[in-house]
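Asks: Shown below is the structure under consideration.
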Amino acid sequence: MFLWIAIMVLAVFLDQLTKYLTVLCLKPIDTLPIIEDVIHLTYVENPGAAFGMMKDQRWLFMVVSSVAIVALLIYLFKKKTQHWMENLAIAFIVGGGIGNMIDRVILGYVVDMIDFRLIDFAVFNVADSFVCVGAGLLMLYIILSGVQEYKEEKARKLRLSKWDDDEETSDEEGIAEDMPAEEMISEEAIAVDVSAEGLPSEEVPSENVSTEENPSEETSTVENPDEEETHA
């Protein structure tokens, strides 16, 4: 948390330093070309919003800026699961907002000095730059986090569908394991009967075969009648 507070303080310090040097050095000469007709340093008093929009609305911007700054600070200090990009964006926005707020409260207008003439852009200051960069970072973070959440949700749905398929497979295996032994035996008996019905008609049960293959006991009684007479 100390890091983000330090970044806010640094943004305010750089903004106020550049404005002080602008008033001190540029106000007497009006403008100083850095690259002719491309970028100049020009002293401008802006009573409106950033980039000279909506002039003469001092109190409105003070109220809106104050509410926005307080809300962002509360969000930054209260929320504990923030990404570094989100924290940095908020620190930039708050630092730039405080820098311009100081001018509006003390001077009644904002001092601008960065004059980008190549595209005839509005004159702005360091605080405006911090606010714009912070807003850009915040938008980038929202886009990236949305994409990340979409990927995580898609992966979660894939895991759930795979888990459901595995659960159905395990349920089917559990039903087969829980089948009573009697049913399994009856199924085996049915399979044996079916295989027995498929045997050729020439095959006979083993008991009958053994009886026909051993007729010696009966023949021995008939072939030795003399033994019976002798005993008589």
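Asks: Give me the net charge for the shell around L144: Cβ to Cβ below 12 angstrom, other residues only, Lys and Arg +1, Asp and Glu -1.
Replies: -1
Asks: Determine which residues of the stretch 65-80 fall in the zone a paramagnetic label at S145 would reach in this model, i.e. backbone nitrogen under 15 Å from the point 7 Å along Cα→Cβ.
Replies: It comes to 72-80, nothing else.
Asks: Give me Rg over Rh for the stretch 97-167, both radii from the alpha carbons and Rh done the Kirkwood way, two decimal places.
Replies: Answer for the stretch 97-167: 1.42.
Asks: Now a separate question. Using the number of other C-beta atoms within 10 angstrom as an exposure proxy, rank H40, H83 with the fewest first.
Replies: So the residues, fewest neighbours to most, are H83, H40.
Asks: Got a sec? How would F124, F130 order by Cβ neighbour count within 10 Å, fewest to most?
Replies: Ascending Cβ contact count within 10 Å gives the list F124, F130.
Asks: Take I143, I93 and order them by how many other Cβ atoms sit within 10 Å, fewest up front.
Replies: I143, I93
Asks: How long is the gain from L3 to K154 if the chain were fully straight, where each residue apart is worth 0.36 nm and the alpha carbon distance is subtracted?
Replies: The L3-K154 span can extend by a further 50.9 nm.
Asks: Moving on. What area, in nm² and to one decimal, does the C-alpha convex hull of the stretch 2-153 cast on average over all directions?
Replies: 10.7
Coordinate-derived values only; no laboratory data. Computed from a predicted structure; not experimentally measured. Because the Cβ atoms are built from the backbone with ideal geometry, glycine has one as well, and the counts that use them run over all protein chains shown.
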